[in-house]
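Enquirer: Could you have a look at this structure, given as structure tokens, before my questions?
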2 protein chains.
Amino acid sequence: MIGNFQLTLPNWALNELEQLPTHLPDVMDRMREVIRFARLNIEHETGGPFAAGVFEAESGRLVAIGVNRVVPSHCSSAHAEVMALSLAQKAIGDFDLGGKEHQAHQLVVNWRPCAMCYGAVIWSGVTSLVIAGSGPELEVITGFDEGPIHPDWQEELLKRNISVTDNVLKEEACVVFEEFRDSGVLVYNASH
Amino acid sequence: MIGNFQLTLPNWALNELEQLPTHLPDVMDRMREVIRFARLNIEHETGGPFAAGVFEAESGRLVAIGVNRVVPSHCSSAHAEVMALSLAQKAIGDFDLGGKEHQAHQLVVNWRPCAMCYGAVIWSGVTSLVIAGSGPELEVITGFDEGPIHPDWQEELLKRNISVTDNVLKEEACVVFEEFRDSGVLVYNASH
């Protein structure tokens, strides 16, 4: 019986991470990098067109970047957000990025999280979520199902002291989804 | 920058798994084992009071069991369901437990999945979900927050061809939550 599983970033992502500045003070720059990682993930055929970054909200210190690894990792939970949040929690040695001894953490994603990652964001301890968009464009362009997220998703985040900043570099994010669509790569949850 | 993370079952769980029958044809027996693993997880202080099992729905072949590993693994996504589903997907070498070449898979959990795991169930490819209960008892007894799950959660599962069987050994499941409450162990998401 299998007793463990490991999820890894692709090698290209490790190389890219080495070349990034330690801090990205401007939120637009954080999103620009996340979108770039999403594009690289499809160009290298190492997962779906999604990336996410965890940053210290104030200083912009980069804590972790994750990319979607569902198909190559044989793991339907290996979405970009789960990757980034888990890597960040490993980096700080705590399951709670919102613990009192830590700086406030922010999650930056190239679209609104799916139904699963929405919950993952809440449990992670981040206090702000920055997304490129939240409308139907992602599903319309790519064919991905984002799942039954709570109708009052944004209010439910605010109740839990997680702020939301929407529409950051939305056009740039949509271009990556169009590139993904045009690549003909597997839409891995289309069966539902 | 950290590029991988690994999630593991505790050693006691590996030992217990070795002693289980390969098949559990009766759904009640599947739930009984899941509840037993949840109890053992708190007795061994290796995580929260939650366990989940993936079985072949028809034959009852045990594919994987997961237990909650949030606090010891420093990973807020290491819920029992994510553990069990990821271990099962590793076991069959496919991110989709519902792929045409596989037997239909069932997830058995000792309560209704939280907001995150609800989405994880949908993406996993299981075609049936068996839960010990879905009411407020879990939150009332333990103090855990289960998060903003979709109000029509059950209908949304049915739409995606995932059946739900509720109230299987509910009293037995609640006893474990009471034991957890009385143990004084950390309720890890109470800060939200």
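Coordinate-derived values only; no laboratory data. This structure is a prediction, so every number in the text was calculated from the model and none was measured. Reconstructed Cβ throughout: ideal geometry from the backbone, glycine too, with neighbour counts over all protein chains shown.
Enquirer: Return the FRET efficiency for the residue pair A:Val185, A:Leu14: r is the Cβ-Cβ distance, R0 is 22 Å, and the value is rounded to the nearest 0.05.
Expert: The calculated FRET efficiency here is 0.50.
Enquirer: For chain A, what does -39500 (n - 2.57) per DSSP helix run (n ≥ 4), summed and divided by total residues, give at 222 nm, in deg cm²/dmol to the nearest 500?
Expert: Value at 222 nm, helices only: -12000 deg cm²/dmol.
Enquirer: Put the label 7 Å from Cα along Cα→Cβ for A:Val175; what are its distances to the other copies, in nanometres, shortest first?
Expert: Its label point is 6.2 nm from the equivalent points in the other copies.
Enquirer: Rounded if a/c is under 1.5, else prolate if a/b beats b/c, else oblate: with a ≥ b ≥ c from the C-alpha gyration tensor eigenvalues square-rooted, which is chain A?
Expert: rounded
Enquirer: Could you run the Debye sum over the Cα atoms of the protein assembly as shown, one equal point scatterer each and no solvent, and tell me log10 of I(q)/I(0) at q = 0.09, 0.12, 0.14, 0.15 Å⁻¹, two decimals?
Expert: Log10 I(q)/I(0), no solvent term: -0.46, -0.85, -1.17, -1.35.
Enquirer: Summing +1 for each Lys or Arg and -1 for each Asp or Glu, what net charge is found among the other residues whose Cβ lies under 12 Å from the Cβ of A:Ile92?
Expert: Cβ neighbours under 12 Å give a net charge of -2.
Enquirer: Sticking with this one: By DSSP, what percent of the beta bridges with both residues in chain B are antiparallel, rounded to the nearest 5?
Expert: Of those bridges, close to 60 percent are antiparallel.
Enquirer: How many nanometers, to one decimal and shortest first, lie between the label point of A:Asp26 and those of its other copies, if labels sit 7 Å from Cα toward Cβ?
Expert: From this label point to the equivalent ones elsewhere in the assembly: 6.7 nm.
Enquirer: Return B:Asp94, A:Asp182 ranked ascending by Cβ neighbour count within 10 Å, so the fewest neighbours appear first.
Expert: With the fewest neighbours first, B:Asp94, A:Asp182 line up as A:Asp182, B:Asp94.
Enquirer: If you don't mind, another one. With respect to the symmetry axis carrying chain A onto chain B, which residue of chain A exhibits the smallest Cβ distance to that axis, and what is the value in whole Å?
Expert: Value returned for chain A: A:Gln6, 2.
Enquirer: In nm, what does the list of distances from B:Trp12 to its counterparts in the other copies look like, shortest first, when each label sits 7 Å along Cα to Cβ?
Expert: 4.5
Enquirer: Sticking with this structure for a sec: Can you figure out the FRET efficiency of B:Ala104 with B:Asp152, using R₀ = 25 Å and their beta-carbon distance, to the nearest 0.05?
Expert: E(calc), rounded to 0.05, equals 0.60.
Enquirer: Return B:Tyr118, A:Tyr188 ranked ascending by Cβ neighbour count within 10 Å, so the fewest neighbours appear first.
Expert: Final ranking by Cβ density, sparse to dense: A:Tyr188, B:Tyr118.
Enquirer: Are there DSSP H segments in chain B that both extend 27 Å or more along their axis (alpha-carbon positions) and score a mean Kyte-Doolittle hydropathy of at least 1.0? List them, or say none.
Expert: None clear 27 Å together with a mean of 1.0.
Enquirer: Rounded if a/c is under 1.5, else prolate if a/b is larger than b/c, else oblate: which is the stretch A:27-100, with a ≥ b ≥ c the root eigenvalues of its Cα gyration tensor?
Expert: Taking the square roots of the gyration eigenvalues as a ≥ b ≥ c, the stretch A:27-100 is oblate.
Enquirer: So how do B:Met1, B:Met28, B:Met83, B:Met116 line up by other beta-carbon neighbours within 10 Å, fewest first?
Expert: B:Met28, B:Met1, B:Met116, B:Met83
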